[in-house]
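The values are calculated or read from the model by the stated rules, or taken from the named source; none is laboratory data. Owing to the predicted nature of the structure, the values given are computational and were not obtained by experimental measurement. Note that we place each Cβ from the backbone using ideal geometry, even for glycine, and neighbour counts take in every protein chain shown. To get the accessible areas, we keep the full protein, side chains included, count just its heavy atoms, and leave off ligands, DNA and RNA. Shrake-Rupley method; radii C 1.70, N 1.55, O 1.52, S 1.80 Å.
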Amino acid sequence: QVPVVESGGGLVQAGGSLRLSCAASGRTFNSHAMGWFRQAPGKEREIVAVISWSGGSTYYADSVKGRFTISRDNAKNTVYLQMNSLKPDDTATYYCNSNTVSRGGVWNALDAWGQGTLVTVSS
């Protein structure tokens with residue numbers, strides 16, 4: 001188990017942008033698809049975006065499609081989430097996971113969670 005470190009969250013007005021970063025060790029980062037998840041108060045953690053190891057395949061939740069972009073830099077062992085046109089409903093703690101797989105129609109996170117980074121979007 002190797003923890004990841006999320007950063008980049010903060011307070012932003014609706015319509016604004018943030019860029020989240022997720023730094024992982026080479027051992028954890030290597031070979032796996034990585035995903036961003038988020039959890040709002042009183043809600044279950046939900047998938048936001050996923051990117052394959054090669055970066056050639058991505059997935060976005062319908063709620064963020066067209067507004068968020070996931071990318072990865074394997075040389076730096078880092079995954080990013082560029083968030084544009086933010087809405088109050090995007091308010092949540094955002095987590096990344098260094099091994100994200102699709103099974104049974106849902107996305108599962110298999111590696112350890114970090115502490116997350118809080119994103120608050122005001123009206």
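How about K65: which aspartates and glutamates have a C-alpha closer than 15 Å to its C-alpha, ignoring those fewer than 8 places off in the same chain? Filter leaves E46, D89, D90. Could you tell me whether segment 58-119 comes out rounded, prolate or oblate from its Cα gyration tensor? Rule is a ≥ b ≥ c as square roots of the eigenvalues, rounded for a/c under 1.5, then prolate if a/b exceeds b/c, otherwise oblate. Cα axes put segment 58-119 in the rounded bin. As a length-normalised measure over Cα pairs under 8 Å and 6 or more apart, the relative contact order of segment 10-83 settles at 35 percent. When +1 charges are put on Lys and Arg Cβ atoms and -1 charges on Asp and Glu Cβ atoms, the dipole computed for segment 38-123 relative to its Cα centre reaches about 80 debye. With bins 10 Å wide beginning at 0, the percent of Cα pairs of the chain falling in each bin runs 14, 50, 31, 5, 0.
What number comes out for the charge environment of W107, summing +1 per Lys or Arg and -1 per Asp or Glu over other residues with Cβ under 15 Å away?
On the way: positive: R38, R45, K65, R103; negative: E44, E46, D62, D111.
Taking every other residue near W107 into account, the sum is 0.
Here the chain has 46 percent of its accessible surface on carbon and sulfur atoms, given a 1.4 Å probe and all protein chains in place.
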